[in-house]
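> Take this structure, written in structure tokens, and hold onto it; I'll ask about it next.
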Amino acid sequence: MGNCEILSCTKPAERSVSAESAKGAGLEYAEGLKRVHLCKEHYRQFKKQTKKDRVLESLGR
Ligand SMILES: [Zn+2]
């Protein structure tokens, strides 16, 4: 699958997510991608961030 596409990360990718949701999670990746490959660590970060967003939404925004 190649390497993680988050800037300055060179670990092997394990998952891919849509570029839009990666951006929403505050991850920085090379521009022009439609999908972003993430290593295990960045995927964990991604999930954490998207969870946080959901919590904020449920708090009534
Ligand atoms: Zn990574």
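The values are calculated or read from the model by the stated rules, or taken from the named source; none is laboratory data. Fair warning: this is a prediction, and the values are worked out from it, not measured in the lab. Ideal geometry is used to build each Cβ from the backbone, glycine not excepted, and the neighbour counts take in all protein chains shown. When the accessible area is computed, the model is the full protein with side chains, heavy atoms only, and any ligands, DNA or RNA have been set aside. Shrake-Rupley method; radii C 1.70, N 1.55, O 1.52, S 1.80 Å.
> Could you tell me the relative contact order of the stretch 15-58? Use alpha-carbon pairs under 8 Å, at least six residues apart, and round to a whole percent.
44
> So, one more: Give me the one-decimal nm value for the distance between modelled label points at residue 54 and residue 30, 7 Å along each residue's Cα-to-Cβ direction.
Placing both labels 7 Å beyond Cα along the Cβ direction yields 3.1 nm.
> Counting only the backbone N, which residues of the stretch 1-16 are under 12 Å from the spot 7 Å out from the Cα of residue 40 toward its beta-carbon?
Inside the label zone: 12-15.
> Which net charge results when you count Lys and Arg as +1 and Asp and Glu as -1 among the other residues whose beta-carbon is under 10 Å from that of residue 6?
Local net charge: -2.
> Accessible area of the chain with a 1.4 Å probe: how many percent of it is carbon plus sulfur?
48
> Which value at 222 nm does the chain reach when only helices count, each DSSP H run of 4 or more adding -39,500 (n - 2.57), with the total divided by all residues and rounded to the nearest 500 deg cm²/dmol?
Value at 222 nm, helices only: -13000 deg cm²/dmol.
> What's the angle, to the nearest 10 degrees (0 to 90), between helix 40-58's Cα axis and the longest principal axis of the chain?
The answer is roughly 20 degrees.
> Next question, about the same structure. In Å², what does the accessible area per residue of the stretch 15-58 work out to with a 1.4 Å probe?
With the other protein chains kept in place, the stretch 15-58 gives 75 Å² per residue.
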